[in-house]
């Protein structure tokens, strides 16, 4: 009996030693696999970096699309891109969201240097072609400011300045007092509610013009507007073709139906040489007072 116990104990010792040896070999195998993987990854990264910095990715052509206000050369210069530059060496290439084929830095420069731009996308089209796609802001109104006129888009961004507004096709906005401005930035005003009213009226008129659909452009209200006055928020005035002044009433009550009604009266009922005052607040129907 004692002999059997010693034999079993001996066998158990041998099995435990074997298990430890197998465990040690498994751990060594895992370490070797990880080491090989790390070496391969480092080599792959080095190869990719060398490939990226090689002449293979030097810019050979730059295409610009969506621009009207700025020509192609102005856009390319503002983006700080030059023919022959390596895409990945450029100081303006910032890798965000792991998108190495998009130049966020060039896009930021474009929006900073070109106030008329609303959006900009700069991407590498493999291997050597760069595509710049922009959308431009559209002038909505002019706001007088210390002897000059600020050109404002529909989102209240200052996109330009002009000295003399006479002869301009852009309507003037009255009743807006500015605290200051920066090209390419939103306008700073003392009374934000004036901007709110301006936005509401302009967008309502634009939507009405757009929904006129089959009508010719000559029936648009916005294109005929000389000025819009938001000094009194309960009595918004606009002037069409410098001859008809319209009181549209409280800006909160101005809707497309009222603008459609105005279009019908102005273009189909009034004569082209009529001058006067059209009041939408005088009762159920607007009244016209000739001048």
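The values are calculated or read from the model by the stated rules, or taken from the named source; none is laboratory data. Only a predicted model underlies this, so the values are computations on that prediction, with no experimental measurement involved. When we count neighbours, we look across all protein chains shown, and the Cβ atoms used for this are built from the backbone with ideal geometry, even at glycine.
Where strands (runs of 3 or more DSSP E) sit wholly within region 146-214, those with at least 2 residues that are surrounded by fewer than 16 Cβ atoms within 10 Å (Cβ to Cβ) and assigned by TED's automatic domain parsing to the domain that holds residue 264 occupy 158-162, 178-180.
Quick grid of which residues meet (1) in contact with a helix residue (DSSP H, G or I) (Cβ under 7 Å, 6 or more places away or on another chain); (2) under 20 Å from residue 237 (Cβ atoms):
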site: 124; (1), (2): no, no
site: 134; (1), (2): yes, no
site: 148; (1), (2): no, no
site: 163; (1), (2): no, no
site: 173; (1), (2): yes, yes
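Considered as a group, the residues in region 119-135 that are surrounded by fewer than 18 Cβ atoms within 10 Å (Cβ to Cβ) and assigned to a strand (DSSP E or B) include one that is farthest from the chain's Cα centre (by Cα), and that residue is 129.
Condition check ((1) modelled with pLDDT under 95; (2) surrounded by 15 or more Cβ atoms within 10 Å (Cβ to Cβ); (3) under 13 Å from residue 291 (Cβ atoms); (4) in contact with a strand residue (DSSP E or B) (Cβ under 7 Å, 6 or more places away or on another chain)) across all residues:
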position: 237; (1), (2), (3), (4): no, yes, no, yes
position: 244; (1), (2), (3), (4): no, yes, yes, yes
position: 248; (1), (2), (3), (4): no, yes, no, yes
position: 251; (1), (2), (3), (4): no, yes, no, yes
position: 254; (1), (2), (3), (4): no, yes, no, yes
position: 262; (1), (2), (3), (4): no, yes, no, yes
position: 267; (1), (2), (3), (4): yes, yes, no, no
position: 272; (1), (2), (3), (4): yes, no, no, no
position: 278; (1), (2), (3), (4): no, yes, yes, yes
